[in-house]
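*Asks:* Structure below; questions to follow.
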Amino acid sequence: MAVGKNKRLTKGGKKGAKKKIVDPFSKKDWYDVKAPSMFAVRQIGKTLVTRTQGTKIASDGLKGRVFECALADLQNDEISFRKFKLMAEDVQGRNVLTNFHGMNLTTDKLRSMVKKWQTLIEANVDVKTTDGYLLRVFCIGFTKKRQNQIKKTCYAQSTQVRAIRKKMVEIMMREVSSNDLKDVVTKLIPDSIGKDIEKACQGIFPLHDVLIRKVKVLKKPKFDVGRLMEMHGEGSGTKTVVTETGEKVERPEGYEPPVMDTV
């Protein structure tokens, strides 16, 4: 063997000395993940991130993470087929503040609804909320038999399908474009939009299993800490409403007018 060819042998020490193994978890910290105030359960879990070291900052590693939770875990109820995606937007102390990032149905729920002898009707629309979020909302519905119907099938004609789809798009546009993201999520939790569509389409063809199948966030406005804190119920708690005469009426956050017995 030529002298000076094998570099490892000339350097003092054993051949191929093993590197000291360090447990990677000793360099990581746990953070609490907080859901927005629309949901009953605010603490949704914990997440792990490597500690700040040099130019690599821990909070940058957390921002942009997406957490998927079943609605049953967020609301303490039985509806487990609806899943919400929440994205980490800000880190405060050991808390990761999330914002709504999307909604979906579980695959088994979708598959269980699709059956023979009925018509499946789908619609989707891109719509902007009042606070600048561009959402793509998908809706699904199925025709059902009328009362005392003997015929096995309940297929809708293509004109009826088009009329129902038009109605779906119209209602989704109206419900989303007139509200901010917080109100839209509040409507998605019990799926009141799906119930409205079912009621409105009753005159065209009776429907059942009308659900908002999916919601995607396509575009977001520029990040605003104040708005995020408001989402988490820690911002300014009062909304100022100006009436026609011009006086200011102070109302608490999430104010709903009382329900009247008669109209």
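The values are calculated or read from the model by the stated rules, or taken from the named source; none is laboratory data. Predicted model, so just to flag it, every value in this text is computed and none were measured. In this analysis, Cβ positions are derived from the backbone assuming ideal geometry, glycine residues included, and neighbour counts consider all displayed protein chains. Each accessible area value is taken on the protein alone, full model and side chains, heavy atoms only, with ligands, DNA and RNA left out. Shrake-Rupley method; radii C 1.70, N 1.55, O 1.52, S 1.80 Å.
*Asks:* How large a share of the accessible area of region 72-190, in percent, is made up of carbon and sulfur atoms when the probe is 1.4 Å and the other protein chains stay in place?
*Replies:* 48
*Asks:* Also: Normalise the Debye intensity by I(0) for region 160-202, one equal point scatterer per Cα, no solvent, then take log10 at q = 0.15 Å⁻¹ and round to two decimals.
*Replies:* The computed values of log10 I(q)/I(0) come out as -0.36.
*Asks:* Further question: Using packing as a proxy for protection, rank 141-152, 76-87 so that the peptide with the highest average count of other Cβ atoms within 10 Å comes first.
*Replies:* The peptides rank, most packed first, as 76-87, 141-152.
*Asks:* Given the pairs 83/199; 63/220; 63/222; 167/195; 151/199; 34/187, which span a C-alpha to C-alpha distance of over 18 angstrom in this model?
*Replies:* Over 18 Å apart, Cα to Cα: 83/199; 151/199; 34/187.
*Asks:* Over the Cα atoms of region 119-230, Rg to Rh with Kirkwood Rh, two decimal places?
*Replies:* 1.08
*Asks:* Evaluated at 37 °C with a viscosity of 0.692 mPa s, what Stokes-Einstein diffusion coefficient in µm²/s does region 54-143 have when Rh comes from the Kirkwood expression over alpha-carbon pairs?
*Replies:* It diffuses with D of about 205 µm²/s by this estimate.
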